[in-house]
Every structure is written in C-alpha cells, then in structure tokens.
Amino acid sequence: MTGSGLVITIDGPAGSGKSSTALAVARKLRLTHLDSGALYRALTLALLRAGIPEEEWEELDREIWEELDLRLEPEDSAFHVLLDGVRVGPELRSPEVTAAAPRLAGIPEARRRLIDVQRSVAEEVGVVADGRDMGTVIFPDANLKVFLTASLRERARRRLLQEDRPADPDRIEEEAERIRLRDETDETREISPLRRPADSVDIDTTQLTFDEQVDRIVDAARRRASEGLTGRGRVG
Ligand code: C5P
C-alpha cells in the first residue's frame, strides 16, 4: 500500500501505544509514520532552548511561532524532526519536555503552526499519523481512522515496562495517576481536545498483544483498500 495522499490516523489517550503501533503499521504497509506528538515536543524543546519562560508562551506573537525552524525529513518508515536544520532525537523525550508539552499543546498559535507541517508531508507520501486530533482536525478525510484505548492500569503498566522501571502495584498506581492527569489536560482543553473520531475503528488493546493490535489495523486498512479506499465509517 503506497502513495501520496493515503492517510491512516491513530488517535488515543496517553500510553495507549499509538506511536509504536503506528510505526509498525507503517512498516507493514510501506507508508511513513508521522508522530505528531514529536512535533509538539520539538516546539516545546525549541522554546526551552531559547530560554523563553513557560508563562510567556501563551502570549508569543505569531511571528515568533513562524520563525521557529521546524522541518520533517522522511527516512525509511518514519520522519526525522529537524530544529534549525539539525536532527533532534532523545532530547524530545526528556522529562522537562514531556512535562511542558501539554501546556504548549493547549496554545492555539502552537497548534496552528503545526497544521501545514502535518498536512504537507501527507501530500508527498502516504502516512500513518498518530496523535490526539489526527482524525478529528488534521486529517478529517483520512482513509482509515483508528482510536486506540486500553485500561488506565494497563497503560501505566506498559509505560513502566517500556521505560525499564519496575511494574509493582504501587508504581502502577502512581503512573496511572500521572497518565490520568495528562488525559484530563488533553480531553478538557478548548482547542483540538482528544476526542474519538465519529467514524473511527475502535480497538481496546487491554487484552491484545502488540502484534495483534498491529495486525487488526493492517487488516482494517487492507479491507478498506479492497473497497477502493472510498469507504468511510466503521469497518470490522
Ligand atoms: O504523544 P506524545 O506524548 O509524544 O505527545 C506529547 C504531547 O503533545 C501530549 O502530551 C499532548 O498534550 C500533545 N499532543 C497533542 N496533539 C497531538 C499530539 C500530541 O496535543 N496530535
């Protein structure tokens, strides 16, 4: 499955495994993974590096947002994020960036800055885009929309394992509370809140293995393709 203009969206709450799933789906279908969270993280990193205090972000002029030099470069099945022409990597996942990104994501100018970045890459290559508003705001006409969920405890457990931290009951509870607060911020913000797209395929992954959840999406995409990619609404 290749081709520019082809879009699969995967939205869902924090820790639902969207990014790793989207990358695996992109590899299987020979598409390119667009990790929209990395873009919000990159803008956050740029402002932290520039030393602009967080309390001032909301008031920044549109020109400042426009001047931030953020680009995407496709390679294999994913995009690299470039800030000032230089690739950024693990710094995007630092605790400082993770903590400040939800605040930035609630600022209308920040979201506006990223609309074209996301839509323009999808004109060049077929994408599997993951985030919070991919199917609702950025790609409302996507060929396939998926909404991934899992129980809060399961998401907390997976997050701890992913970060090589012990997943004992106390730590799971603590992590679950952190995730719950991030979900609340994303679901209650005024602009582009996390919502299930009305026409999404919903997959609860609590009882699924990683491979099973990837396969469900790949199967749904192939079914859509065999319908001529014109079908909208629920499949499977
Ligand atoms: O998915 P990830 O944790 O990398 O996203 C970082 C932050 O960016 C999230 O906490 C969320 O607030 C925000 N985000 C968003 N809309 C998206 C993707 C991410 O608001 N489409």
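When DSSP beta bridges are restricted to pairs lying wholly in the chain, around 35% turn out antiparallel.
Couplings 3J(HN,Hα) for the stretch 64-76, derived from phi with the Karplus relation 6.51 cos²θ - 1.76 cosθ + 1.60 (θ = phi - 60°), are 5, 4, 5, 6, 5, 8, 10, 9, 10, 10, x, 8, 6 Hz, where x marks Gly and Pro.
Hey, for a label at Phe210 modelled as a point 7 Å past Cα toward Cβ, could you say which residues of the stretch 19-35 have their backbone N under 13 Å away? Counting backbone N atoms under 13 Å from the label point, the list is 19-25.
Contact order, relative form, for the chain: 31 percent (alpha carbon pairs under 8 Å, 6 or more residues apart, mean separation divided by residue count).
Take 210-220, 41-51 and order them by the average number of nearby Cβ atoms within 10 Å per residue, most first; the result is 41-51, 210-220. Note on the stretch 76-155: Cα-Cα pairs beyond 21 Å make up 43% of the total pair count.
Summed over the residues of the stretch 45-123 and divided among them, the accessible surface reaches 56 Å² per residue at a probe radius of 1.4 Å.
Couplings 3J(HN,Hα) of the stretch 144-154, computed from phi: 8, 10, 10, 10, 9, 9, 7, 4, 4, 4, 5 Hz, in residue order, whole Hz [Karplus 6.51 cos²θ - 1.76 cosθ + 1.60, θ = phi - 60°; x for Gly and Pro].
Rolling a 1.4 angstrom probe over the chain with all protein chains present gives an accessible area of which 48% lies on carbon and sulfur atoms. With q set to 0.14, 0.18 Å⁻¹, the log10 of I(q)/I(0) for the stretch 7-227, from the Debye formula over equal scatterers at the Cα positions, is -0.88, -1.45.
The values are calculated or read from the model by the stated rules, or taken from the named source; none is laboratory data. Quantities reported herein were computed from a predicted structural model and do not represent experimental measurements. Here the Cβ is made from the backbone with ideal geometry for all residues, glycine too, and neighbour counts use every protein chain on show. The protein model used for the area step is the full one, side chains on, heavy atoms only, and it has no ligands, DNA or RNA in it. Shrake-Rupley method; radii C 1.70, N 1.55, O 1.52, S 1.80 Å.
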